[in-house]
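Visitor: Okay, here's the structure, questions in a sec.
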Amino acid sequence: MLGLMQDWPLLCHRVIDHAKEQHGNREVISRSIEGPIHRTNYAEIHGRSLKIAQALERLGVKEGDRVGTMAWNTWRHMESWYGIMGAGGVYHTLNPRLFPEQLVYIINHAEDRFLFIDLTFVPLIEALQDKLPTLEAVIIMTDREHMPDTKIRNPICYEEWIDDVDGDYSWKTIDENSAAGMCYTSGTTGNPKGVVYSHRSNVIHSLANGCPDMLGLSSMDRVMPVVPFFHANGWSLAFSGPMFGASMIMPGMMMDGASIWELLDTERVSTTAAVPTIWLMLLQYLEAENKTLEYLDKVIIGGSACPRAMTQAFQEKYNVDVVHAWGMTEMSPLGSLCSIKPEYAGLDGGAKLDLQEKQGHAPFTIEMKVEDDEGNEMPWDGKTFGRLKVRGPAVSSSYFKEEGGKILDENGFFDTGDVAHIDEHGYMQITDRSKDVIKSGGEWISSIDVENKAVGHPDVAEAAVIGIEHPKWDERPLLIIVPMEGKTPTFDDLKEYLSDKIVSWWMPDDMVLVEEIPHTATGKIQKMALREMFKDHKLPTAEVA
Ligand code: ADP
């Protein structure tokens, strides 16, 4: 027997319809690429999205066509997503921090017909366009006054183009399982692979993640996604913001400490989200300029592990709650958040910080398990680690054009490539990427744990730990440190500092100071590059072994 409820497809453009109807006046504030702060609201964004859909259809966009966006977080980027999806197209976010060859590969692989770009990326597209045969026109997201004199073929001035249509348009009615968006993984090994979100997966993911134990969004919130929309589906904030009626504040291209602080303060942001690197810059700015965070309640930190010292600084010095989050492009992207369940409600001080080093528990819609290499499920005891696998309605079932072949196991679970353990209350903690674990004497050392402890030292700005070959132990950890400006911590300083924070056999065998640690296009430490840099490094312990 079937249920007798309405068939109301879960379509992403219904989110912006809802925002217009229920939260039409809610502010959407952006630092524009042209410079000034721009203010609009969901009602206006809704109207402009309809015009974008209408104008795209006039250009010839058909259902399933990919339309690239290479843009910072602004109202224009957000409304272009809704316009593209509403015309039946598929937004395809492009990370401008990728190497040009990777961008060429991705745009061609996705067969993008049109591109929306910010002014910042005009020179890049001028340089690449001859290698992009599927590209028919480029929409430059600015007004006539700021249109550059460009060599781009078929450049379109965004504001003029929108003004050319009347907005008398109805969204395309499509199957909720149709593609809505695309984002390529960074592809540290092999070519980047295309993750394809559906309307249904985006809507379900945003619903699940807006709930109180997750992002906890409401119409009283003022949310600032600092994480760019081009990083892992923008952590779904372009959907969950309007879905829950929160005001949105967007930083455009200015993500330095001073610019972020200015928006947090003048626009009274209550919740914000980004990777640890951004928060490191903000915390350094607050310290140097003696500033406070008067309005901010909550900061969501993910993409790489949030160091304990960062959580402590936000909570104890600035009175801002930290919510550690984990996810990946293939998961739409959020998979877990470290909010507090009743079992842990009594924790404070160091015990609470211990808990917050974990990446947290999964929302409804994510099933999670940890397996050993033979596929045996590991107990939820908070210490036995293995491969982390996930299953759910917003988790990839395969990559675009079946690149990489079958990606699910026989039970439909996706191997995240992360190594983790889960405790009795469902709190998961990542100990490493499976390819970065350090194998010492048959046991695994968590590089993430050692790194997070090391950055707690006052003279350390950033830390990375990699495995170096060792004649006796296979591998031993090397600690790589970027010191705070003007400081030169010694290996003895770090050993003493770490001695009561990690087990003795995890203690690095050596330490080097570097000016900079290489990062990927999404701000993660490039362990592969570090292993290459230090492949000839001789550990002092190797001599005596
Ligand atoms: P990329 O394209 O950089 O791989 P993703 O965001 O898809 O972008 O990367 C996902 C990976 O990032 C995860 O599999 C995990 O290894 C890492 N990651 C994300 N959040 C965290 C976190 N809070 N702690 C540790 N690692 C994290």
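The values are calculated or read from the model by the stated rules, or taken from the named source; none is laboratory data. If you're wondering where the values come from, they're calculated on a predicted model, not measured in any experiment. For neighbour counting, all protein chains shown are included, and Cβ atoms are generated from backbone atoms with ideal geometry for every residue, glycine included. Note: accessible area is taken over every heavy atom of the protein model, side chains too, but ligands, DNA and RNA are not part of it. Shrake-Rupley method; radii C 1.70, N 1.55, O 1.52, S 1.80 Å.
Visitor: Of everything in the stretch 492-525 that's outside any strand (DSSP E or B) and touching a residue at least 60 places away in the same chain (Cβ under 8 Å), which residue is farthest from the ligand (Cβ to nearest atom)? Don't jump to the end; show me each part of the working.
Guide: Going through the stretch 492-525, the residues outside any strand (DSSP E or B) turn out to be 492-509, 514-518, 520-524.
Right, trim to touching a residue at least 60 places away in the same chain (Cβ under 8 Å) and you get 505-506, 520-524.
Details: TRP505: 22, TRP506: 17, THR520: 5, ALA521: 7, THR522: 3, GLY523: 8, LYS524: 5 Å.
Across the stretch 492-525, the extreme among qualifying residues is TRP505.
Visitor: Is it the case that GLU294 is assigned by TED's automatic domain parsing to the domain that holds MET224, without any contact (Cβ under 8 Å) to a residue 24 or more places away in the chain, away from the ligand (no atom under 15 Å from the Cβ) and surrounded by fewer than 18 Cβ atoms within 10 Å (Cβ to Cβ)?
Guide: On the way: assigned by TED's automatic domain parsing to the domain that holds MET224: yes; without any contact (Cβ under 8 Å) to a residue 24 or more places away in the chain: no; away from the ligand (no atom under 15 Å from the Cβ): yes; surrounded by fewer than 18 Cβ atoms within 10 Å (Cβ to Cβ): yes.
When the stated conditions are applied, GLU294 does not pass them.
Visitor: Next up: Would a scan of the stretch 71-81 turn up a residue that is open to solvent by 10 Å² or more (accessible area, probe 1.4 Å) and either more than 26 Å from ASP168 (Cα to Cα) or not assigned by TED's automatic domain parsing to the domain that holds SER218 (or both)?
Guide: Within the stretch 71-81, one or more residues are open to solvent by 10 Å² or more (accessible area, probe 1.4 Å) and either more than 26 Å from ASP168 (Cα to Cα) or not assigned by TED's automatic domain parsing to the domain that holds SER218 (or both).
Visitor: Looking at the stretch 332-353 only, could you name the residues that are within 23 Å of the chain's Cα centre (by Cα) and part of a loop (DSSP other than H, G, I, E, B)? It would help to see each step written out before you state the result.
Guide: First, the residues of the stretch 332-353 that are within 23 Å of the chain's Cα centre (by Cα): 332-340, 353.
Once the filter is applied, which keeps residues that are within 23 Å of the chain's Cα centre (by Cα) and part of a loop (DSSP other than H, G, I, E, B), the stretch 332-353 yields SER332, PRO333, CYS338, SER339, ILE340.
Visitor: Could you figure out which of (1) within 22 Å of THR416 (Cβ to Cβ); (2) within 16 Å of the ligand (Cβ to nearest atom); (3) not aromatic (Phe, Trp, Tyr) isn't true of ALA463?
Guide: Failing condition for ALA463: (1).
Visitor: Restricting attention to the stretch 246-269, which residues are under 24 Å from PHE121 (Cα atoms) and surrounded by fewer than 16 Cβ atoms within 10 Å (Cβ to Cβ)?
Guide: Of everything in the stretch 246-269, those that are under 24 Å from PHE121 (Cα atoms) and surrounded by fewer than 16 Cβ atoms within 10 Å (Cβ to Cβ) turn out to be MET254, ASP256, ALA258.
Visitor: Here's another thing I want to ask about it. Being closer than 20 Å to MET147 by Cα, of a type in the set (D, E, K, R), open to solvent by 30 Å² or more (accessible area, probe 1.4 Å) and touching a residue at least 60 places away in the same chain (Cβ under 8 Å) narrows it down to one of GLU27, GLU34, GLU57, so name that one. Give the derivation first.
Guide: Numbers: GLU27 fails: closer than 20 Å to MET147 by Cα; GLU57 fails: closer than 20 Å to MET147 by Cα.
Going through GLU27, GLU34, GLU57 in turn, the sole match is GLU34.
Visitor: Would you please name the residue that is least open to solvent (accessible area, probe 1.4 Å), looking only at residues in the stretch 427-451 that are touching a strand residue (DSSP E or B) at 6+ places or on another chain (Cβ under 9 Å) and more than 16 Å from the ligand (Cβ to nearest atom)? Full working, then the answer.
Guide: Of the stretch 427-451, the ones touching a strand residue (DSSP E or B) at 6+ places or on another chain (Cβ under 9 Å) are 427-442, 444-451.
Now drop any that are not more than 16 Å from the ligand (Cβ to nearest atom), which leaves 439-442.
Working: LYS439: 90, SER440: 7, GLY441: 46, GLY442: 68 Å².
Looking at the filtered set, the residue picked out is SER440.
Visitor: Considering only the stretch 503-545, state which residues are under 18 Å from GLY456 (Cα atoms), buried (at least 18 other Cβ atoms within 10 Å of the Cβ), more than 22 Å from the chain's Cα centre (by Cα) and of a type in the set (A, V, I, L, M, F, W, C).
Guide: Across the stretch 503-545, the qualifying residues are TRP506, MET511.
Visitor: So, in the stretch 317-331, exactly how many residues are assigned to a strand (DSSP E or B) and within 8 Å of the ligand (Cβ to nearest atom)?
Guide: We begin by selecting, within the stretch 317-331, every residue assigned to a strand (DSSP E or B); these are 321-327.
Adding the requirement that they be within 8 Å of the ligand (Cβ to nearest atom) leaves 324-327.
Looking only at that region, the number is 4.
Visitor: Kindly indicate which of LEU408, LEU355 is free of Cβ contacts under 8 Å to residues at least 40 places away in the same chain and either in contact with a Phe, Trp or Tyr (Cβ under 6 Å, 6 or more places away or on another chain) or buried (at least 19 other Cβ atoms within 10 Å of the Cβ) (or both).
Guide: Details: LEU355 fails: free of Cβ contacts under 8 Å to residues at least 40 places away in the same chain.
Just one listed residue meets the conditions, LEU408.
One line per residue, one yes/no per condition, for (1) more than 16 Å from the ligand (Cβ to nearest atom); (2) at negative phi; (3) touching a residue at least 60 places away in the same chain (Cβ under 8 Å):
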position	(1), (2), (3)
ASN177	yes, yes, no
VAL196	no, yes, yes
LEU207	yes, yes, no
MET214	no, yes, yes
SER219	yes, yes, yes
VAL227	no, yes, yes
SER247	yes, yes, yes
MET250	yes, yes, yes
TRP279	no, yes, no
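Visitor: Hey, can you tell me all the residues within the stretch 297-316 that are in contact with a Ser or Thr (Cβ under 9 Å, 6 or more places away or on another chain) and more than 15 Å from the ligand (Cβ to nearest atom)?
Guide: If the condition is that a residue be in contact with a Ser or Thr (Cβ under 9 Å, 6 or more places away or on another chain) and more than 15 Å from the ligand (Cβ to nearest atom), then ASP297, LYS298 are the ones that fit.
Visitor: Can you name the number of the only condition in (1) under 24 Å from SER32 (Cβ atoms); (2) more than 16 Å from the ligand (Cβ to nearest atom) that ARG153 fails?
Guide: For ARG153, the failing item is (1).
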